[in-house]
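Novice: For reference, the structure I am asking about is given below.
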Amino acid sequence: MGIEEFGGGQAAQADVLVVTTNDVPGYEVQRVVGEVFGLTVRSRHLGSQIGAGLKSMIGGELKGLTKTLVETRNQAMERLVEQARARGANAVLMFRFDVTEAADVGTEVCAYGTAVVIAPKNA
């Protein structure tokens with residue numbers, strides 16, 4: 001697996017900036033749009049679960065599960081960005097992920113944050 005399969009995040013020229021901070025240096029919040037989130041639930045794949053069980057006995061990274069989690073987080077983040085964009089925001093502050101088990105059949109991943117409109121500060 002290449003590096004792109006192990007990570008996520010935005011492209012360099014994204015139209016909706018997503019940050020984990022309370023603010024963006026050099027910018028001011030002009031309007032708070034409100035909470036936005038992107039949610040996805042992934043079921044467990046029997047083959048990957050069996051492989052993970054075997055791998056856990058001998059140790060090492062569970063690459064199939066890593067790839068699935070990366071894809072899941074990226075999908076949740078894409079949905080968050082779509083929601084922010086649709087509501088007129090150009091940034092999301094205080095971005096976070098929440099991961100929980102969903103009814104013992106899969107994993108729920110929620111990407112959430114505060115959608116805002118930001119603009120460069122006047123110097």
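The values are calculated or read from the model by the stated rules, or taken from the named source; none is laboratory data. Everything quoted here is computed from the prediction, not taken from an experiment. Here Cβ is always computed from backbone atoms with ideal geometry, including for glycine, and neighbour counts include all displayed protein chains. For the accessible areas, the whole protein counts, side chains as well, though only heavy atoms, and no ligand, DNA or RNA atoms are used. Shrake-Rupley method; radii C 1.70, N 1.55, O 1.52, S 1.80 Å.
Novice: Counting only residues that are at pLDDT below 85 and within 20 Å of Gln75 (Cβ to Cβ), which one in region 13-47 is most open to solvent (accessible area, probe 1.4 Å)?
Specialist: His45
Novice: Using the structure shown, decide if Val116 is closer than 17 Å to Asp15 by Cα, touching a residue at least 12 places away in the same chain (Cβ under 8 Å), surrounded by 18 or more Cβ atoms within 10 Å (Cβ to Cβ) and over 14 Å from the mean Cα position of the chain (by Cα).
Specialist: yes
Novice: Got a number for residues in region 78-123 being part of a loop (DSSP other than H, G, I, E, B), of a type outside the set (A, V, I, L, M, F, W, C) and over 22 Å from Val41 (Cα atoms)?
Specialist: So in region 78-123, the residues part of a loop (DSSP other than H, G, I, E, B) come out as 87-90, 103-105, 121-123.
From what's left, of a type outside the set (A, V, I, L, M, F, W, C): 87-88, 90, 104, 121-122.
Filter once more, so that each one left must be over 22 Å from Val41 (Cα atoms): 87-88, 90, 121-122.
Result for region 78-123: 5.
Novice: Inside region 66-77, can you point out the residues that are among the charged types (D, E, K, R) and over 13 Å from Cys110 (Cβ atoms)?
Specialist: If the condition is that a residue be among the charged types (D, E, K, R) and over 13 Å from Cys110 (Cβ atoms), then Lys67, Glu71 are the ones that fit.
Novice: Right, next: Could you give me the residue pairs with C-beta distances under 9 Å whose first residue belongs to region 67-93 and is surrounded by 22 or more Cβ atoms within 10 Å (Cβ to Cβ), whose second residue is in a helix (DSSP H, G or I) wherever it lies, and which are 6+ apart or on separate chains?
Specialist: As it stands, the answer is Ala89/Gln83; Ala91/Ala84; Val92/Leu80; Val92/Val81; Val92/Ala84, since those pairs meet every condition given.
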